[in-house]
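See structure below.
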Amino acid sequence: MLATSVTSKGQITIPKEIRQKLGICKGSKFEAVIVDDHIELYPTTKIHDVACSGYGLLNSKRTSVPADFDPATIVSDD
């Protein structure tokens, strides 16, 4: 069992290992149900309903360069 805590805003963090295994990412929606003395979470969105393709990638402030860019094209023959 993996432990987590509740923030002052009432939020919890789902451990990374669980998120990866179940395909949970930013924007995933859940339904919370109280069952006896515990809480059960049920996903209300399917994995493919939420865009996860960029999960874990870093954003860059650099301008993008096409994959087929040839730096020799910017060298002038002058």
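Report, ordered by the first and then the second residue, all pairs with beta carbons closer than 6 Å, sequence separation of six or more or different chains, a first member in the stretch 5-26 that is surrounded by 11 or more Cβ atoms within 10 Å (Cβ to Cβ), and a second member that is assigned to a helix (DSSP H, G or I) and modelled with pLDDT under 90.
That search, which allows pairs on different chains as well, returns Gly23/Ile47.
Can you name every residue in the stretch 23-48 that is outside any strand (DSSP E or B) and over 12 Å from the mean Cα position of the chain (by Cα)?
Passing the criteria: Lys29, Asp36, Asp37, Thr44, Thr45, Lys46, His48.
For a quick check of your reading of the model, give me the residue pairs whose first member lies in the stretch 30-41 and is under 17 Å from Thr4 (Cα atoms), whose second is among the β-branched types (Val, Ile, Thr) and part of a strand (DSSP E or B), with beta-carbon atoms closer than 6 Å and at least 6 apart or on different chains.
Here the result reads Ala32/Ile39; Glu40/Val33, each pair linking the stretch 30-41 to a residue that is among the β-branched types (Val, Ile, Thr) and part of a strand (DSSP E or B).
In the stretch 9-23, how many residues are over 17 Å from Glu40 (Cβ atoms) and touching a Leu at 6+ places or on another chain (Cβ under 9 Å)?
Final tally of qualifying residues: 1.
The values are calculated or read from the model by the stated rules, or taken from the named source; none is laboratory data. Treat the numbers as computed from the prediction; the structure is a model and nothing was measured. Cβ coordinates were reconstructed from backbone atoms using ideal geometry, including for glycine residues, and neighbour counts include every protein chain displayed.
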